[in-house]
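Asks: Sharing a structure below in structure tokens format, with a few things to ask.
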């Protein structure tokens, strides 16, 4: 069941997102033990382009998933649940990155973001996260040039 999946994705949204299969489980079992590497890679690529496909098919972006995520975050804060959730946060040295907003796991409680969780990334994952950071930074630079 999809409810049994706990996936970890870092970085920006879209083609440069960084799915982390080794931090992904299905009912507590590492996903790498349940499906082949080829199938997992196909799922990862589909995940990266899924948002763009949705926009092309519907003429709009997703609204249910972001709304659900926002509701989970509000509940974690209001009820001081100290949940580990993926949140877009300005990094201040975590993952070797400063002054850039990226999606990373955090502990979310009554004080908002109480702690950024810094996962142990291998060299390939670090490189992919840096690529994602560069893309986000480029988009931010374009937005900064727009008339205010």
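Each value in this text was obtained by applying a stated rule to the coordinates, not by laboratory testing. Please read all numbers here as calculations on a predicted model, not as lab measurements. Positions of Cβ are backbone-derived with ideal geometry, glycine not excepted, and every protein chain shown enters the neighbour counts.
Asks: Within region 1-30, track down each residue that is in contact with a helix residue (DSSP H, G or I) (Cβ under 7 Å, 6 or more places away or on another chain) and part of a loop (DSSP other than H, G, I, E, B).
Replies: Once the filter is applied, which keeps residues that are in contact with a helix residue (DSSP H, G or I) (Cβ under 7 Å, 6 or more places away or on another chain) and part of a loop (DSSP other than H, G, I, E, B), region 1-30 yields 8, 12, 13, 14, 15, 16, 17, 20, 24, 27.
Asks: Ok, one more. Quick check: anything in region 54-67 surrounded by 14 or more Cβ atoms within 10 Å (Cβ to Cβ) and in contact (Cβ under 8 Å) with a residue 24 or more places away in the chain?
Replies: For region 54-67, residues surrounded by 14 or more Cβ atoms within 10 Å (Cβ to Cβ) and in contact (Cβ under 8 Å) with a residue 24 or more places away in the chain: absent.
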